Amino acid sequence: MSPSADAPAASPSPGGAVSGDVLLEVRNLVTHFTVGGGFFGGRAGVVRAVDGISFSIRRGETLGLVGESGCGKTTTGRSILQLEGPTSGQVIFEGRELTTLDETALRSVRRRMQVIFQDPYASLNPRMTVGQILAEPLAVHGIVSWSQGRRARVRDLLTRVGLLPQHADRYPHQMSGGQRQRVGMARALAVEPSLIVCDEPVSALDVSIQAQIINLLEDLQAELGLTYLFIAHDLAV
């Protein structure tokens, strides 16, 4: 992805949220991957997945990153979250340069940066109940230390995304695609982030469900003051 090939377009946040100071700034982000070579000594090549993209997002805004499949949108999101190590460039979040942080420092920052994945089934552990999936980040980040408090927090998260408290006892395969994506949204909200990377969050869903999820994202943004990087290949979405 390069700025000339696929420039992201910023738009005011849904629900009339008032933008504040810059929350995320990306400067000349480059992420390349080496491919080829191997046992037979083939010539290695370089895939230029992201090639010098820059943008910023203010608090409470939504920025749409739109482009065809394979152009580097998801890699951009993963590089911002430091799930992929950028080749060069800067990612400045809440005033901190993330590419220079060690794993210990990144762990505390990642609580403030969450992601909603494209495939709601693949992103959820099939061996864990919904309640366990939502309670796990609460325990890992020390947000709620006692089990009874975590159960109450799980019920609140489920209600907030339009599910019922009894869904906590179900496994992902027992839920519809739209319900699973709501669980993914609840998991992102669990650690009270300020930025959520929405990586094609509705592309795997039926058209009728897509509108429900988008409306829910808008409502949550207005209620919680969230900031979104919304990745999509469909400009209408």
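The values are calculated or read from the model by the stated rules, or taken from the named source; none is laboratory data. Remember, it's a predicted structure, so these values are computed and weren't measured experimentally. For neighbour counting, all protein chains shown are included, and Cβ atoms are generated from backbone atoms with ideal geometry for every residue, glycine included. Note: areas computed on protein heavy atoms with side chains; ligands, DNA, RNA excluded. Shrake-Rupley method; radii C 1.70, N 1.55, O 1.52, S 1.80 Å.
Points worth noting:
- Furthest towards positive pole of dipole, I80, L101, G131, structure part segment 77-131, Cβ charges: G131
- Cα-centred dipole magnitude for segment 170-225, charges only on beta-carbon of K, R (+1) and D, E (-1), debye, nearest 20: 300 debye
- Computed from point charges on the beta carbon alone (+1 for Lys and Arg, -1 for Asp and Glu), the dipole magnitude for segment 71-165 about its Cα centre is near 400 Debye.
- Exposed loop sites here are trypsin sites (Lys or Arg not before Pro) assigned a DSSP state other than H, G, I, E or B and surrounded by at most 12 other beta carbons within 10 Å; excluding them, the longest clear run of the chain is 128-237.
- Rounded to the nearest 10 degrees, the angle from helix 130-140 to the longest Cα principal axis of the chain is 70 degrees.
- Label-point separation, A122 to T99 (7 Å along Cα→Cβ), nm: 2.7 nm
- Rounded to the nearest 20 debye, the dipole size of the chain about its Cα centre is 680 debye, using +1 on the Cβ of Lys and Arg and -1 on the Cβ of Asp and Glu.
- For the chain, the longest site-free run once chymotrypsin sites (Phe, Trp or Tyr not before Pro) in DSSP loop states with at most 16 other Cβ atoms within 10 Å are removed: 147-237
- Computed log₁₀ I(q)/I(0) - Debye formula, equal Cα scatterers, no solvent, the chain, q 0.14, 0.17 Å⁻¹: -0.94, -1.31
- Residue among V197, V144, V35 with the largest mean-square fluctuation in a Gaussian network model of the chain, springs linking Cα atoms under 10 Å: V35
- Convex hull of segment 98-222 built on C-alpha atoms - directionally averaged projected area, nm²: 7.9 nm²
- Rounded to the nearest 10 square angstrom, L83 shows an accessible area of 80 square angstrom against a 1.4 Å probe.
- Relative to one another, the C-alpha centroids of segment 201-230 and segment 125-163 are positioned 21 Å apart.
- Rounded to 10°, Cα long-axis angle of helix 177-190 versus longest principal axis of the chain: 90 degrees
- Dipole of the chain computed with +1 at Lys/Arg Cβ and -1 at Asp/Glu Cβ about the Cα centre; of A222, H141, F33, farthest Cα towards the positive end is H141.
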